[in-house]
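Below: the structure, in structure tokens.
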Amino acid sequence: MIWIKIIRLFLILSAGVILILLYLRYIEKNTVFHPMKEIEYTPKELGLVYQDISFKAPDGVILSGWLVPCQNARYTVLFAHGNAGNISHRIEKIKFFHTLGCSVFIFDYRGYGKSKSSPSEKGLYEDAQGAYNYLLSTGVRPQDIIGYGESLGGSAIIDLASRNKLAALITDSAISSAKDMVKVIYPFLPYWVFSVRLDSVDKIKSITIPKLIIHSSNDEIVPYQLGEKLYEAAPQPKEFLKIHGGHNSGFFESEPLLKTKIAAFIKGLPA
């Protein structure tokens with residue numbers, strides 16, 4: 001009888017652990033990805049001409065994006081946005097890069113906006129690759145593409161740059177890794193219970209193109225020290241820009257500084 005009780009207790013405990021892990025994975029996915037389907041704004045509202053683009057990720061998922069051309073632009077900014085909303089919530093940043101003389105191609109990850117399927121870490125990398133492949137298919141040269149990633153998009157664009165040729169890499173409020181974020185958000189939990197890796201700090205070590213790492217000292221979501229860690233792991237050539245403001249407001253609060261620094265960074269890229 002005692003063995004039956006032990007087996008029963010073991011099964012109960014095992015079921016409890018499985019339920020806890022499933023719950024944590026659910027929380028994890030909803031923490032990493034906050035997609036919104038509705039397109040609320042378009043570049044047209046800021047006076048920008050744009051093309052509504054449909055393209056495929058390498059695994060066949062149909063994705064959506066906007067191409068905002070700039071006359072006589074040397075560079076096209078491949079824009080990977082953050083984890084919440086969709087491309088329609090980044091029109092001010094699209095305008096920002098456009099005023100710097102760059103064309104912009106911004107895309108929605110799977111599950112966001114008009115893009116199909118549902119988001120995942122693997123899908124994030126596939127979607128960035130699909131956007132890059134689309135630009136190449138239109139005749140844009142790899143050496144004329146600047147990768148830009150904000151927050152979660154930093155992980156997408158760093159992964160892309162570690163496997164493809166780009167002119168330069170810019171990240172804003174990017175995390176060093178999911179492991180580092182777990183230590184911040186869930187310091188009482190072991191990292192292995194989560195599935196997401198987002199290991200940008202390791203991937204950036206192989207990226208030798210010019211890099212500009214931007215982070216706010218007041219970032220309340222992704223701690224400033226994670227931006228510093230990402231910068232320290234990156235090889236030369238690299239630059240770090242310290243701004244001020246919250247995770248979602250730093251761009252607007254520091255816009256004059258950002259405009260000056262990013263314009264100088266782009267101007268200084270090798271011909």
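Listed here are the residues, each with its yes/no results for (1) surrounded by 19 or more Cβ atoms within 10 Å (Cβ to Cβ); (2) modelled with pLDDT under 95.
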residue: S162; (1), (2): no, no
residue: A167; (1), (2): yes, no
residue: T171; (1), (2): yes, no
residue: K179; (1), (2): no, yes
residue: K183; (1), (2): no, yes
residue: W192; (1), (2): no, yes
residue: V196; (1), (2): yes, yes
residue: D202; (1), (2): no, no
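The residues in segment 214-271 that are farther than 20 Å from A168 by Cβ, aromatic (F, W, Y) and within 17 Å of the chain's Cα centre (by Cα) can be counted, and the count is 1. Return yes or no: is G65 touching a residue at least 60 places away in the same chain (Cβ under 8 Å), within 17 Å of the chain's Cα centre (by Cα) and part of a loop (DSSP other than H, G, I, E, B)? Against the criterion (touching a residue at least 60 places away in the same chain (Cβ under 8 Å), within 17 Å of the chain's Cα centre (by Cα) and part of a loop (DSSP other than H, G, I, E, B)), G65 does not qualify. The criterion of at least 2 residues that are without any contact (Cβ under 8 Å) to a residue 60 or more places away in the chain and not basic (K, R) is met by the following strands (runs of 3 or more DSSP E) wholly inside segment 135-250: 168-172, 211-216, 238-243. So G47 passes all but one of these: (1) surrounded by fewer than 16 Cβ atoms within 10 Å (Cβ to Cβ); (2) at negative phi. Which condition number does it fail? If we test G47 against (1) surrounded by fewer than 16 Cβ atoms within 10 Å (Cβ to Cβ); (2) at negative phi, just (2) comes out false. Scanning segment 255-271 for residues that are touching a Ser or Thr at 6+ places or on another chain (Cβ under 9 Å) and surrounded by 19 or more Cβ atoms within 10 Å (Cβ to Cβ) yields nothing.
Number of residues in segment 69-84 that are without any contact (Cβ under 8 Å) to a residue 60 or more places away in the chain and under 17 Å from A128 (Cα atoms) equals 1.
The values are calculated or read from the model by the stated rules, or taken from the named source; none is laboratory data. These numbers come from a predicted model, not from an experiment. Positions of Cβ are backbone-derived with ideal geometry, glycine not excepted, and every protein chain shown enters the neighbour counts.
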